[in-house]
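Asks: Here it is: the structure, laid out below.
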Amino acid sequence: MTFKLKKIGQTVLFYGVLILAITIGQRIDPGGPCEPGLGMMLTFLFFPICIILFVWNFYQSIIKKRKDYLPSFIIHGLVIITFCVGVAIS
């Protein structure tokens with residue numbers, strides 16, 4: 001059980017640091033109408049990183065039958081869905 005909480009904590013910490021980096025990047029270099037700023041470029045990198053981590057957790061939890069990766073798998077899936085909904089709304 002402790003290992004599951006450690007994995008969940010690592011996943012939440014990762015996304016917290018990533019969102020903080022995007023926010024700081026947007027404040028440092030906001031960009032303009034014709035060119036994306038640093039925050040937008042980090043957001044473009046954010047989605048492929050989420051997909052890679054989602055596939056890795058899928059492999060660990062389903063293929064290798066390691067149930068301790070299942071909560072992280074769910075968190076990555078929710079982040080990807082939230083990102084897609086946010087893009088569709090905006």
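Here's the yes/no breakdown for (1) of a type in the set (A, V, I, L, M, F, W, C); (2) free of Cβ contacts under 8 Å to residues at least 60 places away in the same chain; (3) touching a strand residue (DSSP E or B) at 6+ places or on another chain (Cβ under 6 Å):
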residue	(1), (2), (3)
7	no, no, no
11	no, no, no
18	yes, yes, no
21	yes, yes, no
24	yes, yes, no
28	yes, yes, no
33	no, yes, no
36	no, yes, no
42	yes, yes, no
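Asks: For segment 39-74, how many residues meet the condition of being among the hydroxyl-bearing types (Ser, Thr, Tyr) and over 27 Å from residue 25 (Cα atoms)?
Replies: Residues that pass the stated criteria total 3.
Asks: Can you report the number of residues in segment 69-90 which are farther than 17 Å from residue 48 by Cα, surrounded by 10 or more Cβ atoms within 10 Å (Cβ to Cβ) and not hydrophobic (A, V, I, L, M, F, W, C)?
Replies: 2
Asks: Read through the list (1) farther than 17 Å from residue 7 by Cβ; (2) modelled with pLDDT under 85; (3) under 14 Å from the mean Cα position of the chain (by Cα), then give the number of the only condition that residue 73 fails.
Replies: (1)
The values are calculated or read from the model by the stated rules, or taken from the named source; none is laboratory data. Please read all numbers here as calculations on a predicted model, not as lab measurements. Please note: Cβ atoms are built from the backbone with ideal geometry, for glycine as well, and neighbour counts cover all protein chains shown.
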